[in-house]
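Beneath this line is the structure, given in structure tokens, with notes to follow.
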Amino acid sequence: MAVDLLLGLQWGDEGKGKIVDVLTKNYDIIARFQGGPNAGHTLEFDGIKHVLHTIPSGIFHENAMNLVGNGVVIDPVIFKKELDNLSKFEGNFKEKLLISRKAHLILPTHRLLDAASEASKGKAKIGSTLKGIGPTYMDKTGRNGIRVGDLEMDNWQEKYRALANKHEAMIDFYNVQLQYNLAELEADFFEAVEVLKSLKFIDSEEYLYQAQKANKTILAEGAQGSLLDIDFGTYPFVTSSNTTAAGACTGLGVAPGKIGEVFGIFKAYTTRVGSGPFPTELFDQYGETMGRVGKEFGATTGRPRRCGWIDLVALKYAVQVNGVTQLIMMKGDVLSGFDKLKICTAYNYRGEKIEHFPFNIEAENVTPVYTEMPGWKEDLTKMTSASQMPKALNDYIEYLEKELEVPIKIVSVGPDRTQTIHR
Ligand code: IMP
């Protein structure tokens, strides 16, 4: 069986958690392949809102196994909190969770390094979630990291000490004001490591290989979004992993030829949290309405998200880099009541009209070229089938499909599992 992928096509926060939860009934295994607790995947059902950071979004389904893949970075302290939250609900969550031995650990000093690095950058800061993601991936590629499998070895605490000491020297080097009590942070960390050790650690690439041979259905769950990809995103305002489709191959050990459907998720408009260029960003009442109606606050940090019109130049690029086969449009309901909708179809780039995503999309280089469409007034949140959708929404969807050359198969009209229209 092929492995299907689900990815965000914008700057994250597209609503991947909800859609993985909706799709999970079709899959035996849900596998996260990159990122860490910088992600906040929100799921709503039975009137309860759940936010997951590291644990895959299939965890609430009876029959799905949930794998944290080798490409993920795990903070044991946050992982423990997620498990504590789950324990308030009924279910054998621990038994449905598997952790790759090759996943790297976020140490308390990685978080401190993230904070020191950001503080040292001043106005040029990335706007990181400060979860230690960048420093952990730096240690991974620098071949210094500590992996989950190391926790099964006797000498892991020695490795830990050597690395934490080095980090402390690096924090001093940044020469910024940082208040912390490492002994306290370490006490929490070591306690949480014991909880992590109570879970099942596996050689996940072998597990997935055998699962494919046994015809199990597998969905790889991405985090963040394509425009935050370390290679293809708006560098340096990106995260530190490959959020695009290729990241699923390296982050799970799945061969490229084994990838099946690629589900690409996008919002009917655009949002971005943190710093970095955003050509279609709005500073008027339209942007304010998107933020307010769409409740656009970060699930991990609570920061307000920047809002703007949909950007087809960026979306086409994401569809292309990921090889998207099916599109899923989120939050159409948020645009109800807008008299007009703008769609960015090209960029004016240093005096030239271009339709591809260029090296640099900073505001001094890029101004968006828009086309306009009429909006719709109807409340979409109670709609259950495509036949109930207003004509203006249908026209909007069909325009996007034509431009992106990929069908929009699902339209989400609210945060609940049930507010999902299949086309
Ligand atoms: P980091 O990955 O925490 O270092 O953050 C780097 C950039 O990616 C910042 O602009 C963050 O706001 C953004 N970012 C990281 N994770 C997410 C996410 O899950 N959703 C949206 N933005 C994210």
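The values are calculated or read from the model by the stated rules, or taken from the named source; none is laboratory data. In this text, all values refer to a predicted model and were calculated from it rather than measured experimentally. Methodologically, a virtual Cβ is constructed for each residue, glycine included, from the backbone with ideal geometry; neighbour enumeration extends over all protein chains shown. We work out accessible area using only protein heavy atoms, side chains counted, and drop any ligands, DNA or RNA first. Shrake-Rupley method; radii C 1.70, N 1.55, O 1.52, S 1.80 Å.
The figures follow:
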| item | result |
| --- | --- |
| Test item: Cα-centred dipole of the chain, Lys/Arg +1 and Asp/Glu -1 on Cβ, debye | 160 |
| Highest-fluctuation residue, 305, 272, 32 considered, GNM on the chain with Cα pairs under 10 Å | 305 |
| Most mobile of 48, 354, 343 in a GNM of the chain (Cα contacts under 10 Å) | 48 |
| Carbon + sulfur, % of accessible area of region 335-385 - ligands and nucleic acids excluded, 1.4 Å | 50 |
| Rg in Å to one decimal, and Dmax rounded to a whole Å, for region 1-73 via C-alpha atoms | 11.7, 35 |
| Region 196-251: radius of gyration over Cα atoms, expressed as a fraction of 2.2 N^0.38 Å | 1.43 |
| Distance histogram in 10 Å bins (all Cα pairs of region 80-170, percent per bin) | 15, 37, 30, 16, 2 |
| Hydrodynamic radius of region 272-423 per Kirkwood, over alpha carbon pairs, in Å | 16.5 |
| Apportionment of accessible area to carbon and sulfur, region 155-311, percent (1.4 Å) | 53 |
| Hull volume in cubic angstrom per residue (convex hull over the Cα atoms of region 364-407) | 123 |
| Stretchable slack from residue 293 to residue 174, in nm (0.36 nm times residue separation minus alpha-carbon distance) | 38.8 nm |
| For the chain, Kirkwood radius (reciprocal of mean inverse C-alpha pair distance, Å) | 22.1 |
| Between region 262-280 and region 149-178, the alpha-carbon center distance in angstrom | 35 |
| Centre separation in Å (Cα based) which lies between region 381-423 and region 38-94 | 28 |
| Net lengthening on full extension, residue 352/residue 398 (0.36 nm per residue, minus Cα-Cα) | 13.8 nm |
| Scattering profile of region 143-189 at q = 0.23 Å⁻¹ [log10 I(q)/I(0), Debye over alpha-carbon scatterers] | -0.96 |
| Per residue accessible area in Å² of the chain, where ligands, DNA and RNA are left out and the probe is 1.4 Å | 43 |
| Separation of the residue 250 and residue 188 label points, Cα + 7 Å toward Cβ, nm | 3.1 |
| Zero-based 5 Å bins, Cα pair distances in region 52-108, whole percents | 4, 19, 30, 27, 14, 6, 1 |
| Extension gain (nm, one decimal) between residue 88 and residue 166, 0.36 nm per residue minus Cα-Cα | 24.2 nm |
| Positive-pole candidate from 79, 283, 120, dipole of the chain, charges at beta carbon | 283 |
| Measure of compaction for region 207-366 (Cα Rg per 2.2 N^0.38 Å) | 1.14 |
| Heavy-atom accessible surface of region 41-145: percent carbon and sulfur, 1.4 Å | 49 |
| Share antiparallel - DSSP beta bridges, the chain, percent rounded to 5 | 40 |
| For region 160-292: span of alpha carbons on each principal axis (Å, largest first) | 54, 46, 27 |
| In degrees, nearest ten, helix 182-197 long axis to first principal axis of the chain (Cα) | 80 |
| Max mean-square fluctuation residue, GNM over the chain, Cα-Cα springs under 10 Å, options 210, 320, 179 | 179 |
| Nearest-20 debye value, region 44-163 charge dipole, Cβ charges on Lys, Arg, Asp, Glu | 560 |
| Separation of the residue 141 and residue 121 label points, Cα + 7 Å toward Cβ, nm | 1.4 |
| Projected label distance in nm at residue 213 and residue 159, using a 7 Å step from Cα toward the beta-carbon | 2.8 |
